[in-house]
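See below for the structure under consideration.
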Amino acid sequence: MKKIVALLLSLVMMLACVSALADGQKVGVSMPTKDLQRWNQDGENMQKLLEAAGYEVDLQFASNDVQQQLNQVTNMINSGANVVVIAYDRLLMESDAVSYYATFDNYKVGTVQGTYIKEALDLDNAEGPFNMEITAGDPGDNNANYFYSGAMDVLNPYIEAGKLVVKSGQTAFSDVATPTWKTEVAQTRAEGIVSSYYADGSNIDVWLCSNDSTALGVENALEASYDGEWPIITGQDCDISNVKNMIAGKQSMSVFKDTRTLAEQVVKMVGQILAGETVDVNDTETYNNGKITVPSFLCEPVFADVNNYEALLVDSGYYTADQLK
Ligand code: BGC
């Protein structure tokens, strides 16, 4: 009997999908968009590794369009009898058809960002108060809440104690979210915050950003409209523009999620499923998608800043030194 493995990544209801046909050894990969660097990389890595493992690969991008991606996925799995679905990086919500989930530890990404801020400002000892603003991710992406919660669980006690002050008053996830993670959306909101709350010359000491595309928007906004001292800014992904900004002193840190690691893990899981072997998971409790708790494999996110980026990104071959110039 044919067996199909589908790897799906959700964005609102959006997917990145890999469907593998056991007998035909064909794998379909559907990523959400080409707009953001990371999904191009993920797609490329998946293709490279799957081809090296002997599969034929059909890689597609869905232009952030739910219907388009559903059509892609439907076409990919049409010919199969049994479908095993693996969510790739983003959990597919409200479906009991998801068998596995491979991602990075999303809550930990937020914890790393929050802890960085806590330590950089020495919040336990410094007098403060410090001004902070917050930019989070896409409300339609299940990961975004984990990033936000991980960071806010570290920082909330200091907000409650008055050591961190959010002058805009915008702290709830719904107030700080960035639909589709778009740089321009984050930039427009940040410009509004700067002109409404910091035109009096007060400094922004820290801007918590959930990822690099939103951090870039905040950095662009500050460059255009802010005269105070440059704040601590967090990020995630080590996108090329953001690593350049780290080198230039415009972004303090990022969280490196080596997409090669995730791709390797997923290819391994595909192989295990197709061989009928036990599938590698290391978390069976965290990721409930509204219908079921999906057995997951969480890869480790890694702290990155100007001091370790060369070892992490260049020496490891993730980027060439030239790409970061
Ligand atoms: C990913 C992040 C990424 C964001 C925007 C999230 O689902 O986990 O790494 O920054 O999407 O692409």
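For this structure, a couple of remarks:
- Qualifying positions in segment 153-181 - under 20 Å from residue 103 (Cβ atoms) and outside any loop (DSSP other than H, G, I, E, B): 153, 173, 180, 181
Quick grid of which residues meet (1) more than 16 Å from the ligand (Cβ to nearest atom); (2) of a type outside the set (A, V, I, L, M, F, W, C):
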position	(1), (2)
87	no, no
94	yes, yes
105	no, yes
110	no, yes
117	yes, no
127	yes, yes
132	yes, no
136	no, no
142	no, yes
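- Residue in segment 56-64 that is in contact with a Phe, Trp or Tyr (Cβ under 7 Å, 6 or more places away or on another chain), outside any loop (DSSP other than H, G, I, E, B), at pLDDT below 85 and over 26 Å from residue 289 (Cα atoms) present: no
- Some residue of segment 93-104 being within 28 Å of residue 286 (Cβ to Cβ), of a type in the set (A, V, I, L, M), modelled with pLDDT of 85 or more and not in a loop (DSSP other than H, G, I, E, B): yes
- Strands (runs of 3 or more DSSP E) contained entirely in segment 233-325, each with at least 1 residues that are under 18 Å from the mean Cα position of the chain (by Cα) and more than 18 Å from residue 210 (Cβ to Cβ): 296-299
- Given (1) surrounded by 14 or more Cβ atoms within 10 Å (Cβ to Cβ); (2) touching a residue at least 12 places away in the same chain (Cβ under 8 Å), index of the condition residue 314 fails: (2)
- Taken as a whole, the structure places residue 258 among residues that are out of contact with any Ser or Thr (no Cβ under 7 Å at 6 or more places or on another chain) and of a type in the set (Asp, Glu).
The values are calculated or read from the model by the stated rules, or taken from the named source; none is laboratory data. Nothing here was measured: the structure is a model prediction, and the numbers come from that model. A quick note on method: Cβ atoms are made from the backbone with ideal geometry, for glycine too, and the neighbour counts reach across all protein chains shown.
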